[in-house]
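Participant: Quick one: structure below, then a few questions.
The values are calculated or read from the model by the stated rules, or taken from the named source; none is laboratory data. Quick caveat, the model's predicted, so the values are computed rather than measured. Positions of Cβ are generated from backbone atoms using ideal geometry, with glycine treated the same way; all protein chains shown enter the neighbour counts. Quick note on the areas: whole protein, heavy atoms, side chains included, nothing else; ligands and nucleic acids left out. Shrake-Rupley method; radii C 1.70, N 1.55, O 1.52, S 1.80 Å.
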Amino acid sequence: MVRTRFAPSPTGYMHIGNLRTALYAYLFAKANNGKFILRIEDTDIERTVKGAIEVIYNTLHQAGLDYDEGPDIGGDFGPYIQTQRKDIYNEYAHKLVETGAAYYCFCTKERLEKLRESGAQKYDKYCLKIPLKEARARIANGEPYVIRQNIPLEGVSSYNDLVFGEISVDYKDLEDNILLKSDGMPTYNFANVVDDHLMNINYVIRGAEYLTSTNKYNLIYDAFGWERPNYIHLQPIMKDASHKLSKRTGDASFEDFLKKGYLSQAIINYIALLGWSPKDNREKLSFEELKELFSIEGLSKSPSIFDEPKMRWLNSLYIKELPADEFASLAAPYYDTLGFEGKYDYKKLNNLLQPRLEIFCEIAEKTSFLNEFDNFDLTFFENKKLKTDASVAKEVLPKLLDRMQNIQSYDNVTLFSDLQGLAAELNIKSGALFWIMRIGLTGASVTPGGATEMAELLGKEQCLTRLKKVIERLN
């Protein structure tokens, strides 16, 4: 059975690149009727952020990435939090010393600093020559130590990545990294191997930055006689041609995009396409379609550039397809925040906005004319194509006001029909009349709908009040 894992560090919010890794691991498992496991890699205690584990849980659930095993739901291979597995790592690290694939190191910070200052590019295996009996005696006496991996001095390490093919590295280019720190906690270099083996993870999906270091991990698998997993490495997501997306530089997280008013299914759809494409190159794919279509063959060897305008466009497609009641539920909090409750018909607002929104936070911008009419700009009346300006509006608006005072039904159809008749009586194009009317009612050059739709939304009393104010301004 295919078993994949997502193993984030609880160091803050969920970065988009991390979420994509989780998504691909989830999709690959589900496409192959396998299991998707969540493991928390929190051994870097200094970088651990309070509450970050809950952020991971919430993000995965909101994204629809429901894991089959994990810290909060359990499973047959727990614990699923690394700080709770300290004794396991200690046991296997000391076993690795016994095989000769690792050794005890007693070098002080001062010696390591002098080594770097001398120009050394990596650790010099100084402690490898210490006899095992002597090393154990020093440990028994309480001397601080770490356990380092013993990389061969000569030879080549190779493995096959399912995206990039054969990856080979000369041993001389690899360093004897620390596997177990002086506080007894493992480094990623060691813990990920032990955990993946003990949890039966047979497909490891992670960033391409681990392409060459995987050769070191394979030496640990081999030293224990464990079967190596299959590897799938992913190219990074870039913010532009030169810079990777990074939470350290403040790039948006999944939660940030939700707060902006993106729909989770649109975010997931877009992220899925950052490094993968289906055979038919479709761009809008439901979650079920992603699970059905995802395959290694569609993964790219090239980095992807995060294009938020494209994600906005994709989100707009999802918004347009929302059932009316679901759109209403999502839009209502925005209306309430803007103070529309009791003033405007939310159903009318929904009908105007749903076909025109890309993301929900645009509601404030698209409806700003409802609260900001006093910031009126007379230059908006100017339209060279329709041959209108403030002077034309000064002549037309009083007649429009008279006509609108006598219209009883303020629905869009009635208003549109009646005012087309007024345009004919005034011998001007109906487009010019409706342009002047829309500007006169909203004070905005762009609105979510035409003049008579705006009039229906505002209602008779507010329409007449606004037109009178504008006429006073023009005079």
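Participant: Which percent of the accessible area of the stretch 1-102 is formed by carbon and sulfur heavy atoms (probe 1.4 angstrom)? Working shown, then result.
Facilitator: Numbers: 1850 of 4100 Å².
Heavy-atom surface of the stretch 1-102 belonging to carbon and sulfur, 1.4 Å probe: 45 percent.
Participant: DSSP loop chymotrypsin sites (Phe, Trp or Tyr not before Pro) in the stretch 390-444 with at most 11 other Cβ atoms within 10 Å of their Cβ, which ones? Numbers along the way, then the final one.
Facilitator: Values: sites: 410, 416, 434, 435; in loops: 410.
Filter output for the stretch 390-444: empty list.
Participant: What does the extension gain come out to for residue 61 and residue 141, with contour length at 0.36 nm per residue minus their alpha carbon separation? It would help to have the intermediate numbers written out before the result.
Facilitator: Values: separation 80, 0.36 × 80 = 28.80 nm, distance 4.89 nm.
Fully extending the segment from residue 61 to residue 141 adds 23.9 nm.
Participant: Can I ask one more? Which option, (i) 1.40; (ii) 2.17; (iii) 0.97, is the value of Cα Rg over 2.2 N^0.38 Å that was calculated from these coordinates?
Facilitator: Among (i) 1.40; (ii) 2.17; (iii) 0.97, the one calculated here is (i).
Participant: To continue, here is another question. In the chain, what percentage of the DSSP-assigned beta bridges are antiparallel, given to the nearest 5? Let's see the in-between values first.
Facilitator: Numbers: 18 of 32 bridges.
The answer is about 55 percent antiparallel.
Participant: Is there a quick way to get the dipole size of the chain? I mean about its Cα centre, with the Cβ of Lys and Arg at +1 and of Asp and Glu at -1; what is the value in debye to the nearest 20? Don't skip to the end; give the middle numbers.
Facilitator: Values: 59 positive and 67 negative charges, 154 e Å.
With only Lys, Arg, Asp and Glu charged at Cβ, the dipole is about 740 debye.
Participant: Hey, another quick one. Between residue 120 and residue 296, with labels modelled 7 Å along Cα→Cβ, what's the label distance in nm to one decimal, could you check?
Facilitator: Taking the two extended label points, one gets 3.9 nm.
Participant: Next question. Got a sec? What order do 87, 44 fall in by accessible area at 1.4 Å, biggest, i.e. largest, first? Intermediate results must be reported in sequence, preceding the final value.
Facilitator: On the way: 87 130, 44 70 Å².
Output order, biggest surface exposure first: 87, 44.
Participant: For residue 226, what accessible area in Å² do you get when you roll a 1.4 Å probe over the heavy atoms of the protein chains, rounding to the nearest 10?
Facilitator: Result for residue 226: roughly 40 Å² accessible.
Participant: If you don't mind, another one. Can you compute the modelled spin-label distance between residue 471 and residue 407, with each label point 7 Å from Cα toward Cβ, in nm?
Facilitator: Roughly 1.5 nm, to one decimal.
Participant: Charges at C-beta only: +1 for Lys and Arg, -1 for Asp and Glu. How large is the resulting dipole of the stretch 5-80 about its Cα centre, in Debye rounded to 20? It would help to have the intermediate numbers written out before the result.
Facilitator: Working: 7 positive and 10 negative charges, 58 e Å.
For this selection, approximately 280 debye.
Participant: Treating cross-link reach as a plain straight distance, find the aspartates and glutamates whose alpha-carbon is under 18 Å from the alpha-carbon of residue 387, omitting any fewer than eight places away in the same chain.
Facilitator: Within the straight-line limit of under 18 Å, residue 387 reaches these aspartates and glutamates: 377, 395, 425.
Participant: Can you work out the base-10 log of I(q)/I(0) for the stretch 395-475 at q = 0.15, 0.21 1/Å, using the Debye formula on its C-alpha atoms alone?
Facilitator: After summing over all Cα pairs, the log10 values are -0.44, -0.92.
Participant: Here's something else I'd like to know. Determine the share of the stretch 328-453's accessible area contributed by carbon and sulfur atoms, expressed in whole percent, with a 1.4 angstrom probe. Before the final figure, lay out the partial values.
Facilitator: Values: 3160 of 6410 Å².
Result for the stretch 328-453: 49 percent of the exposed heavy-atom area is carbon or sulfur.
Participant: Please report the relative contact order for the stretch 256-404, taking Cα pairs under 8 Å with a sequence separation of at least 6, and give it as a percent rounded to a whole number.
Facilitator: Details: 104 pairs, mean separation 32.0, N = 149.
RCO, the stretch 256-404: 21 percent.
Participant: Once the Cβ-Cβ distance between residue 364 and residue 308 is put in as r, and R0 is 25 Å, what FRET efficiency do you end up with, to the nearest 0.05?
Facilitator: Working: r = 18 Å, r/R0 = 0.73.
It comes out at approximately 0.85.
Participant: Let me ask something else. Treat every Asp and Glu Cβ in the stretch 246-306 as -1 and every Lys and Arg Cβ as +1, leave all other atoms uncharged, and give the resulting dipole magnitude about the Cα centre to the nearest 20 debye.
Facilitator: Working: 9 positive and 9 negative charges, 48 e Å.
Charge dipole, the stretch 246-306, about its Cα centre: 240 debye, nearest 20.
Participant: Further question on the same structure: For the chain, what does the relative contact order come out to in percent, with C-alpha contacts under 8 Å and a separation of six or more? Can you show the working numbers first?
Facilitator: Numbers: 669 pairs, mean separation 60.0, N = 475.
Reported as a whole number, the value is 13 percent.
Participant: Shifting gears a bit: I need two numbers for the stretch 84-192: Rg to one decimal and Dmax as a whole number, Cα atoms only, in Å.
Facilitator: Answer for the stretch 84-192, Rg first and Dmax second: 15.3, 49 Å.
Participant: Follow-up. May I ask you to give the solvent-accessible area per residue for the stretch 185-250, in square angstrom, as obtained with a 1.4 angstrom probe? Please list the in-between numbers first.
Facilitator: On the way: 2560 Å² over 66 residues.
Accessible surface, normalised per residue, equals 39 Å².
Participant: Quick one: accessible area per residue over the stretch 114-153, 1.4 Å probe, rounded to a whole number of Å²?
Facilitator: Working: 2760 Å² over 40 residues.
For the stretch 114-153, the per-residue accessible area is 69 Å².
Participant: Among the lysines, which have Cα under 19 Å from the Cα of residue 50 when same-chain residues fewer than 8 positions away are ignored?
Facilitator: Leaving aside lysines fewer than 8 places away in the same chain, those within reach of residue 50 are 247.
Participant: Counting pairs of Cα atoms in the stretch 188-284, how many percent are more than 20 Å apart?
Facilitator: Result: 55 percent of Cα pairs exceed 20 Å.
Participant: Let me ask something else. How do 118-131, 420-433 rank on mean C-beta neighbours within 10 Å, highest first?
Facilitator: Values: 118-131: 12.6, 420-433: 15.1.
Final packing ranking: 420-433, 118-131.
Participant: Given a cut-off of 29 Å, name the pairs among 244/291; 216/244; 343/385; 320/429; 133/181; 109/244 whose C-alpha atoms lie farther apart than that in the structure shown. Before the final figure, lay out the partial values.
Facilitator: Numbers: 244/291 27 Å; 216/244 25 Å; 343/385 35 Å; 320/429 32 Å; 133/181 20 Å; 109/244 32 Å.
Distance filter (> 29 Å) returns 343/385; 320/429; 109/244.
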